[in-house]
1. Identify the single condition in (1) at pLDDT 85 or above; (2) outside any strand (DSSP E or B); (3) of a type outside the set (S, T, N, Q) that GLY71 does not satisfy, given that it satisfies every other one.
2. What's the total number of residues in the stretch 50-66 that are of a type outside the set (S, T, N, Q), over 18 Å from PHE35 (Cβ atoms) and either at pLDDT below 90 or not in a strand (DSSP E or B) (or both)?
3. Which residue is nearest to ASN19 (Cα to Cα), if the candidates are limited to the stretch 30-85 and must be under 14 Å from the mean Cα position of the chain (by Cα) and acidic (Asp, Glu)?
4. I'd like the residue in the stretch 31-49 that is in contact (Cβ under 8 Å) with a residue 12 or more places away in the chain and part of a loop (DSSP other than H, G, I, E, B) and, out of all such residues, is farthest from LEU10 (Cα to Cα).
5. Kindly check whether there is at least one residue in the stretch 33-49 that is surrounded by fewer than 10 Cβ atoms within 10 Å (Cβ to Cβ) and modelled with pLDDT under 85.
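The values are calculated or read from the model by the stated rules, or taken from the named source; none is laboratory data. The shown structure was predicted, so the numbers you read here are calculated from the model rather than taken from an experiment. Glycine also receives a Cβ, built like all others from the backbone with ideal geometry; neighbour counts cover every protein chain displayed.
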Amino acid sequence: MDFNNKYETLDDFISSRLNDEEVEIWFYDNGLEKFIIKLPNHIIRAINQGCKLEMLEGQYFVSEKTYPVIGLFIYDHIDNPLIVT
């Protein structure tokens with residue numbers, strides 16, 4: 001697996017990205033079955049306390065390739081949800 005010769009393993013790549021971004025979704029293993037979602041701590045606490053969470057999943061087709069997509073709506077504030085794509 002080539003990560004621009006900067007990372008030796010997928011774990012190294014993911015660890016680096018987790019440190020770089022505040023909110024993001026990563027897919028791995030070529031499909032929707034495995035993904036990682038990074039969220040700020042206050043959002044994770046809101047989810048643990050029962051705030052409404054909606055997840056939409058789909059596929060995006062470009063040049064005969066299929067890419068997974070996910071959207072999250074996290075209603076930590078009812079009138080202003082966090083949207084993660």
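1. Looking at each condition in turn, GLY71 falls short on (2).
2. First, pick out the residues of the stretch 50-66 that are of a type outside the set (S, T, N, Q): 50-58, 60-62, 64-65.
With the extra rule that they be over 18 Å from PHE35 (Cβ atoms), the set shrinks to 50-52, 61-62, 64.
With either at pLDDT below 90 or not in a strand (DSSP E or B) (or both) added as a condition, the list becomes 50-51, 61-62, 64.
So the answer is 5.
3. The extreme case among them is GLU33.
4. As a first pass, look at the stretch 31-49 and keep what is in contact (Cβ under 8 Å) with a residue 12 or more places away in the chain: 31-32, 35-40, 42-43, 46-47.
Remaining after also requiring part of a loop (DSSP other than H, G, I, E, B): 31-32, 39-40.
On the way: GLY31: 15, LEU32: 17, LEU39: 20, PRO40: 22 Å.
Taking the candidates together, the pick is PRO40.
5. Yes; the residues of the stretch 33-49 include at least one that is surrounded by fewer than 10 Cβ atoms within 10 Å (Cβ to Cβ) and modelled with pLDDT under 85.
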